[in-house]
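Undergrad: Below is the structure I would like to discuss, written out as structure tokens.
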């Protein structure tokens, strides 16, 4: 795993920044109260008049969705269950395409009961791949007419939840590789996020941050050179915009006297280039050397945090 970030769920974390096409993989232990609160947070963002929510879970699952939520329960995994789910999914897809609604799919698979579940793991994985592939598709034709910006991602968000204690390592690795965001909920109500497992690294901004402001500021200052390169990797921008991005992402305000010496040093090293913008503004861009540097720096930092996390 490339990196871990720890948040405290007691601080009322909200997963309030996602894009259609995202897929979340949630691992939880026997205490289901926390995972159910996460389901509620997602459901709140899908109003019933504009959305479809389908919840699939085992019969012994204690989460009771509202009456407006479509619900499929099962005892064991078998072929007949997959046919039922696919039949319900086809209805959902049709309604999304005809009525322009969005779709939230929540699958709580619980614990894989190898001695009972009558589905080979490869068939189960194939079933998941097909659903996730659907979520990565472009939006229906009607959506293109409605939104003049062009086709958007299919208006669908997917959550898959497992109790991982009985899952085989190979199977775990497979399902982890299929999802964009992966979270492990622990018994002490803390949360480990693994954003670097898949090639996508969109940040999910929590409502509150686990780290106090002074530690966030120190984290930024200690890695300011790398952060500048990462922001410039996204697009060319001025020093002022870099300061704004740092404030938005890390909730700390840096002075120009802290940032500009770093930019000057990067320019002197040939990692960034400066050009004139409006008035006295300078616009910075990555050089080829800078592009190579940012790739190496990100990998080193992720591996370093992984090493620290495994030690802790």
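The values are calculated or read from the model by the stated rules, or taken from the named source; none is laboratory data. Here the structure is a predicted model, which is why all the values come from computation and not from measurement. In this analysis, Cβ positions are derived from the backbone assuming ideal geometry, glycine residues included, and neighbour counts consider all displayed protein chains.
Undergrad: Output the residues belonging to the range 72-81 that are in a strand (DSSP E or B) and either on the phi > 0 side of the Ramachandran plot or surrounded by fewer than 16 Cβ atoms within 10 Å (Cβ to Cβ) (or both).
TA: 72, 73
Undergrad: Output the residues belonging to the range 231-278 that are closer than 19 Å to residue 214 by Cβ and part of a helix (DSSP H, G or I). So that I can check it myself, show each step before the final result.
TA: Going through the range 231-278, the residues closer than 19 Å to residue 214 by Cβ turn out to be 243, 246-255, 257-259.
243, 246, 247, 248, 249, 250, 257, 258, 259 - these are the residues of the range 231-278 that are closer than 19 Å to residue 214 by Cβ and part of a helix (DSSP H, G or I).
Undergrad: From 81, 72, grab the single residue that is in contact with a helix residue (DSSP H, G or I) (Cβ under 9 Å, 6 or more places away or on another chain), at pLDDT 85 or above and assigned by TED's automatic domain parsing to the domain that holds residue 110.
TA: Every option except 72 fails the conditions.
Conditions tested, residue by residue: (1) buried (at least 17 other Cβ atoms within 10 Å of the Cβ); (2) under 29 Å from the mean Cα position of the chain (by Cα).
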{"site": "246", "(1), (2)": "yes, yes"}
{"site": "253", "(1), (2)": "no, yes"}
{"site": "265", "(1), (2)": "no, no"}
{"site": "271", "(1), (2)": "yes, no"}
{"site": "281", "(1), (2)": "no, no"}
{"site": "293", "(1), (2)": "yes, yes"}
{"site": "299", "(1), (2)": "no, yes"}
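Undergrad: Ok, one more. Checking the conditions here, which among 235, 276 is exposed (fewer than 14 other Cβ atoms within 10 Å of the Cβ), over 31 Å from the mean Cα position of the chain (by Cα) and either in the same structural domain as residue 219 (by TED's automatic domain parsing) or modelled with pLDDT under 90 (or both)? First the steps, then the outcome.
TA: Working: 235 fails: over 31 Å from the mean Cα position of the chain (by Cα).
The match here is 276.
Undergrad: Then there's this: Six or more apart or on different chains, Cβ under 9 Å: which pairs go from a residue in the range 118-142 that's under 23 Å from residue 75 (Cα atoms) and outside the structural domain of residue 83 (by TED's automatic domain parsing) to one that's at pLDDT below 90 and surrounded by 15 or more Cβ atoms within 10 Å (Cβ to Cβ)? Could you list them?
TA: Within 9 Å, no pair qualifies.
Undergrad: Output the residues belonging to the range 39-69 that are touching a helix residue (DSSP H, G or I) at 6+ places or on another chain (Cβ under 8 Å) and touching a residue at least 40 places away in the same chain (Cβ under 8 Å).
TA: If the condition is that a residue be touching a helix residue (DSSP H, G or I) at 6+ places or on another chain (Cβ under 8 Å) and touching a residue at least 40 places away in the same chain (Cβ under 8 Å), then 52, 53, 54, 55, 56, 63 are the ones that fit.
Undergrad: Here's a follow-up. Considering each of 101, 114, 94 in turn, give the residue that is assigned by TED's automatic domain parsing to the domain that holds residue 21, surrounded by fewer than 16 Cβ atoms within 10 Å (Cβ to Cβ) and modelled with pLDDT of 85 or more.
TA: 94
Undergrad: Considering only residues that are in a loop (DSSP other than H, G, I, E, B), under 25 Å from the mean Cα position of the chain (by Cα) and under 20 Å from residue 156 (Cα atoms), which ones fall in the range 35-65?
TA: Hits for the range 35-65 are 45, 46, 47, 48, 50, 65.
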